[in-house]
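Student: Take this structure, written in structure tokens, and hold onto it; I'll ask about it next.
The values are calculated or read from the model by the stated rules, or taken from the named source; none is laboratory data. Quantities reported herein were computed from a predicted structural model and do not represent experimental measurements. Here the Cβ is made from the backbone with ideal geometry for all residues, glycine too, and neighbour counts use every protein chain on show. Each accessible area value is taken on the protein alone, full model and side chains, heavy atoms only, with ligands, DNA and RNA left out. Shrake-Rupley method; radii C 1.70, N 1.55, O 1.52, S 1.80 Å.
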Amino acid sequence: MLEQLVEFFQSWFANTNLGSPLFQIDSSWFQGDPLRLIILIVIAIAALLALAIIWGTRAPRRKILAGKEDLIGKIAEVKTVLKPKGIVLIQGELWTAILEAGRAVPGDTVVITKVDHLSVSVTKNK
């Protein structure tokens, strides 16, 4: 099987016309004024540098889209009784939660106020 595959590729490459106009490069493409090439390269580098500066200055002002900072203020569903510690469901994930005051039963909703390692502090949703 392997020999047949090798023979196929050898015959295919032998019959392929790599000298066709599709694969020929005209040498006049590389002739021209070197000053134009230098100016083109300088403009391209300046444009990339300008984009990097613009994106770099905008990045700190953007809203955080992931991480523990994103969880604060989100609504979570209580899965086990919180008295004060239990389990809540946040965006499809189960988290250990500590209720700041009172008691919450499964099905209640709570608001996340603080994230501490792998647990969250929550208050009852009004």
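Student: Pull out the extension gain between Asp70 and Val6, defined as 0.36 nm times the separation in residues minus the alpha carbon to alpha carbon distance; nm, one decimal.
Tutor: Stretched out fully, the Asp70 to Val6 stretch lengthens by 17.5 nm.
Student: Compute the FRET efficiency between Trp55 and Thr80 as 1/(1 + (r/R0)^6), taking r as their Cβ-Cβ distance and R0 = 25 Å, and round to the nearest 0.05.
Tutor: 0.05
Student: How much net charge surrounds Thr80 when only the other residues with a Cβ under 14 Å from the Cβ of Thr80 are counted, with Lys and Arg +1 and Asp and Glu -1?
Tutor: +2
Student: Please work out the FRET efficiency for the pair Leu89 and Lys63, using the Cβ-Cβ distance as r and a Förster radius of 25 Å; give the result to the nearest 0.05.
Tutor: Efficiency for this residue pair is about 0.60.
Student: If you don't mind, another one. Would you list which aspartates and glutamates come within 15 Å of Lys68, measuring only between C-alpha atoms, while excluding same-chain residues fewer than 8 positions from it?
Tutor: Answer for Lys68, where 15 Å is the Cα cut-off: Glu93, Asp116, listed by chain and number.
Student: Moving to a separate point now. Just by accessible area at a 1.4 angstrom probe, what is the order of Ser119, Ser11 from largest to smallest?
Tutor: Largest accessible area first, the list is Ser11, Ser119.
Student: Hey, another quick one. Using only the C-alpha atoms of the stretch 83-126, find the volume of their convex hull and express it per residue in Å³.
Tutor: Convex hull of Cα atoms, per residue: 70 Å³.
Student: So how exposed is Val42, as accessible area in Å² (1.4 Å probe, rounded to 10)?
Tutor: For Val42, solvent-accessible area is about 90 Å².
Student: So which lysines pass the test for Lys126, namely a Cα distance under 20 Å, with those fewer than 8 places away in the same chain ruled out?
Tutor: List returned: Lys74, Lys79, Lys83, Lys85, Lys114.
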